[in-house]
1. With the Cα gyration tensor of the range 311-407 giving a ≥ b ≥ c as the square roots of its eigenvalues, does the rule (a/c under 1.5 for rounded; else a/b larger than b/c for prolate; else oblate) give rounded, prolate or oblate?
2. From the phi of every residue in the range 82-88, what ³J(HN,Hα) in whole Hz does the Karplus formula 6.51 cos²θ - 1.76 cosθ + 1.60 yield, where θ is phi - 60° and glycine or proline is x?
3. What does the C-alpha gyration tensor say about the overall shape of the range 47-163? Classify as rounded when a/c is under 1.5, otherwise prolate if a/b is larger than b/c, or oblate.
4. Indicate the gyration tensor shape class of the range 349-401 (rounded, prolate or oblate), computed on the Cα atoms with a ≥ b ≥ c the square roots of the eigenvalues: a/c under 1.5 is rounded; otherwise a/b larger than b/c is prolate and the rest oblate.
5. I need Ser80, Ser244 ordered by Cβ neighbour count within 10 Å, fewest first.
6. Please build a GNM for the chain, connecting alpha carbons under 10 Å apart, and tell me which residue among Tyr262, Tyr131, Tyr63 fluctuates the most.
7. For the chain, what does the helix formula give at 222 nm: sum of -39500 (n - 2.57) over DSSP H segments with n ≥ 4, over the residue count, nearest 500 deg cm²/dmol?
8. For the chain, just the Cα atoms, rotate onto the principal axes and tell me the three extents in Å, largest first.
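Since every read-out is calculated from the coordinates, none of them should be taken as a lab result. Since this is a predicted model, take the numbers as computed values, not measurements. Cβ coordinates were reconstructed from backbone atoms using ideal geometry, including for glycine residues, and neighbour counts include every protein chain displayed.
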Amino acid sequence: MYTCNKDRIQNKIETFATFGDAGNGGITRFSLSDEALQARAEFVKRMKAVGVETVTDDMANMYATLPGTEPGLPRIVMASHCDSVRNGGNYDGILGVISAMEVVETIAIEKIPHRHPITAMIWTNEEGSLYPPAMMSSGVVCGKFLKDKILASKSPEGKTFGEALEQSGYAGDEANRLNPNDYMAMLELHIEQGPVLEAEKKEIGVVVGVLGMVNYRIRTYGQSDHAGTTPMAYRRDALLAAASALKYLHTELDKLDSNLVYTTGNIICHPNIHTVIPDHVDFSLDARHQNPEVIKQVVEVIKNMPKEFDKCEVKYQEAWARKTVNFNEELVGLVQKSADAFGYTSKKMYSGAGHDAQYVADMIPTTMIFVPSKDGHSHCELEFTSVEECWRGINVLLQTVLEVDKK
């Protein structure tokens with residue numbers, strides 16, 4: 001079987017880490033920023049060096065395609081993103097791009113026979129860090145978002161995504177978009193972004209889908225009064241009520257399936273002054289599970305919680321939700337077959353994080369491959385996956401592409 005080149009992989013990781021280097025082992029590389037444009041230019045340069053030209057579509061998604069031996073056959077695409085969160089790591093997203101490049105280079109340099117065209121692709125603005133929402137361009141291409149609304153998305157400084165797109169020089173032809181006629185399958189290699197593979201000593205994550213989730217806003221309403229002159233018995237403290245509501249939710253959700261994960265990551269407290277009793281608190285509740293019945297149980301817990309805590313009214317509102325996405329069973333099987341062929345230990349698993357692949361799965365057969373994340377760290381500068389672990393994952397990606405090429 002063919003394998004990829006560790007030295008080339010290491011060189012790619014080190015090179016792309018310079019684009020947006022934040023100085024502490026990670027990067028800040030917002031989509032269509034100067035740093036992201038540097039990464040894109042490097043992608044074009046490296047693909048051109050092995051004889052592969054790159055084109056873009058109207059959302060600045062990039063496609064570098066190595067022709068196959070049988071004209072007219074649909075393409076096999078490997079895709080991920082090169083943008084990051086603020087002070088993110090050097091592997092989230094970009095490792096998938098590096099992997100796609102390495103597979104194309106390996107096939108081109110070693111002249112590996114292949115019938116279908118093989119495409120390495122960069123999705124624009126997966127993170128949505130500067131221009132929300134996340135998975136923006138895959139959402140437009142796959143019909144999840146309206147392009148006009150996406151172009152109007154603004155950064156905190158007031159610049160629109162449309163303006164950034166026009167200024168980038170990478171906006172191309174809509175005809176170049178990923179589509180079900182010209183493409184037969186998509187694969188995305190990604191770091192796990194969690195601790196499971198490392199903890200269970202598994203080398204490859206065979207990803208069967210993306211967890212369904214709900215995101216709610218929970219709000220408590222009290223009364224602002226002076227922190228020094230209002231006796232405790234007379235208070236209607238919205239922050240205390242929020243704490244009680246959160247404790248209630250944790251207690252009840254812990255009674256559900258042990259694989260359920262849930263998080264409160266955003267809290268807004270008003271007026272947020274140390275001498276004033278809070279009168280309004282708004283916090284998030286994010287819950288994820290592969291079984292839609294468990295998600296329904298989460299919603300029931302939210303809807304049935306007391307309407308008052310600590311003399312404060314409690315309300316809830318769904319912010320957004322997504323259904324569990326199940327990847328193509330045949331492709332999942334080919335990833336498993338490829339991992340087994342190399343003798344790598346593996347685990348079938350769901351992704352708890354969202355990825356462009358989840359939108360593409362509604363358009364063409366799609367799946368993902370995970371490699372371990374050191375100590376489970378991601379979206380931070382501690383994010384790390386060894387070259388050896390990356391190499392194994394890319395070998396599986398290469399072999400899976402060659403298996404798909406037989407179809």
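1. Since a/c reaches 1.5 but b/c is at least a/b, the shape of the range 311-407 is classed as oblate.
2. 10, 8, 9, 7, 5, 6, x
3. Prolate shape, in that a/c is at least 1.5 and a/b is the bigger ratio.
4. oblate
5. With the sparsest Cβ surroundings first, the list reads Ser244, Ser80.
6. Among Tyr262, Tyr131, Tyr63, the largest GNM mean-square fluctuation belongs to Tyr262.
7. So the calculated ellipticity at 222 nm is -10000 deg cm²/dmol.
8. So the extents along the principal axes, rounded to whole Å, are 80, 45, 39.
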